[in-house]
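Working notes, structure below.
The values are calculated or read from the model by the stated rules, or taken from the named source; none is laboratory data. It should be emphasised that the depicted structure is a prediction, and the values quoted were computed from it without experimental measurement. Note that each Cβ is placed from the backbone with ideal geometry, even for glycine, and that neighbours are counted across all protein chains shown. For the accessible areas, the whole protein counts, side chains as well, though only heavy atoms, and no ligand, DNA or RNA atoms are used. Shrake-Rupley method; radii C 1.70, N 1.55, O 1.52, S 1.80 Å.
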Amino acid sequence: MHEFQLRPVSGGLGVVVEGLDLSSELPDDAMSSLRGALAEHGVIFFRDQQLSETDHVRFAERWGSIDVNRFFKAVDGFPQIAEVRKEPEQKSNIGGGWHADHSYDEAPAMGSILYAREVPESGGDTLFANMAAAYEALSDGLKETLSRLRAVHSSRHVFGKRDSYYAKSDSDDRIGNADAATQDVVHPVVLRHPDSGARVLYVNPGFTTHFEGWTKEESAPLLSTLYRHATRPEFTCRFRWREGSIAFWDNRSTWHYAVNDYPGQRRVMHRITVAGVPLS
Ligand code: SIN
């Protein structure tokens, strides 16, 4: 049995996994314990890892096939790895608002593995929020209403050609392929999580545009109430990066938010998204 320890980072979600070197091939029993930890805690963190790009890809492939992001610029020579970079002179960061990666896809990425290569001296933390805990704390009445709703998710207003968030930002060297931001998708508002079986709230401020059959105006008040509720401090944690840290989060049960508070400093992260299944 491959021993490692889990240290919670908050009461809301997230554990640091201690005692594993991810550059070496992990035995199956360790992988199965890590799967359990990810399903239970929503995000697992690792410190002081020294991974080549090939190690990063190999670790990701232990979890499933890689879901290549079509909008992020890739790391040279590694189309599977998206670069999440901000230069000292750039204003916008990538992921600077609450969202769940790829919720605009029919089969959203199950998880994202973010590896810190260069971090600012201060700032640049990432926040996470637990959508199982947020769902659980809702009233029975609202749970009942939400169980009958489905919501539309889109990439158009974020990655699209016209007036989208990134089209208006200084991110041309980091985000592209706007022509691919064409499809919308509908997912249930409450999911049965494919691994843990827990019910989770599956809307997010980044990509959810409205409830199916409702207008955007009609949807906005209820969505705002859910977003305010879901980001209550007790459902969240905050991760302070060091070079060599990894955060691996489940995109079905968590949101994340990259804090943009390090002007004049550089931050370079490598992200791999692992493929998921269609949601029901
Ligand atoms: C992301 O949204 O995937 C990036 C998160 C981060 O850079 O902290």
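Calculated [222 nm] ellipticity per residue, helices only, for the chain: -5500 deg cm²/dmol; basis is -39500 (n - 2.57) per DSSP H run with n ≥ 4, divided by all residues, nearest 500. Applying 1/(1 + (r/R0)^6) with R0 = 30 Å to the Cβ-Cβ distance of Asp48 and Ala107 gives a FRET efficiency near 0.35. Amide H to amide H distances under 5 Å link Gly96 with Ala258, where only residues 5 or more positions off or on other chains count and H is placed in the peptide plane. Using the 1.4 Å probe convention, the accessible area of region 50-203 works out to 43 Å² per residue with neighbouring protein chains retained.
Solvent-accessible area assigned to carbon and sulfur over the chain amounts to 48 percent, based on a 1.4 Å probe. For region 217-280, the solvent-accessible area with a 1.4 angstrom probe is 41 square angstrom per residue. Rounded to the nearest 20 debye, the dipole magnitude of the chain is 680 debye, with +1 charges on Lys and Arg beta carbons, -1 on Asp and Glu beta carbons, and the Cα centre as origin.
When both region 95-131 and region 213-280 are represented by their alpha-carbon centers, they are found 5 Å apart. Listed by chain and number, the lysines placed with their C-alpha closer than 27 angstrom to that of Lys73 are Lys86, Lys91, Lys161, Lys168; residues fewer than eight positions away on the same chain are left out.
With unit charges on the beta carbons (Lys and Arg positive, Asp and Glu negative) and the dipole taken about the Cα centre of the chain, which residue among Ala100, Ser224, Val43 sits farthest to the positive side? The listed residue farthest towards the positive side: Ser224. Membrane-span-like helices of the chain, defined as complete DSSP H segments with a Cα extent of 15 Å or more along the helix axis and a mean Kyte hydropathy of at least -0.5, are identified as 28-41.
Return an integer: the convex hull volume of the alpha-carbon atoms of region 69-168, in Å³ per residue. Dividing the Cα hull volume of region 69-168 by its residues yields 159 Å³.
Each peptide in 184-194, 246-256 was scored by the mean count of other Cβ atoms within 10 Å over its residues; highest first, the order is 246-256, 184-194. Packing order of peptides 76-87, 210-221, highest average first: 76-87, 210-221 (average count of other Cβ atoms within 10 Å over each peptide's residues).
In straight-distance terms, cross-link reach from Lys143 covers every one of the lysines whose alpha-carbon lies under 28 Å from its own, apart from those fewer than eight places away in the same chain; here that gives Lys216. Couplings for region 71-81, taken from phi via the Karplus curve 6.51 cos²θ - 1.76 cosθ + 1.60 with θ = phi - 60°, read 10, 6, 6, 8, 5, 3, x, 9, x, 6, 9 Hz in order; Gly and Pro are left as x.
Counting only DSSP beta bridges whose two residues both lie in the chain, roughly 95 percent are antiparallel.
Relative to the globular-protein estimate of 2.2 N^0.38 Å, the Cα radius of gyration of the chain stands at 0.96.
Across all C-alpha atoms in region 1-102, the radius of gyration and Dmax reach 15.5, 48 Å.
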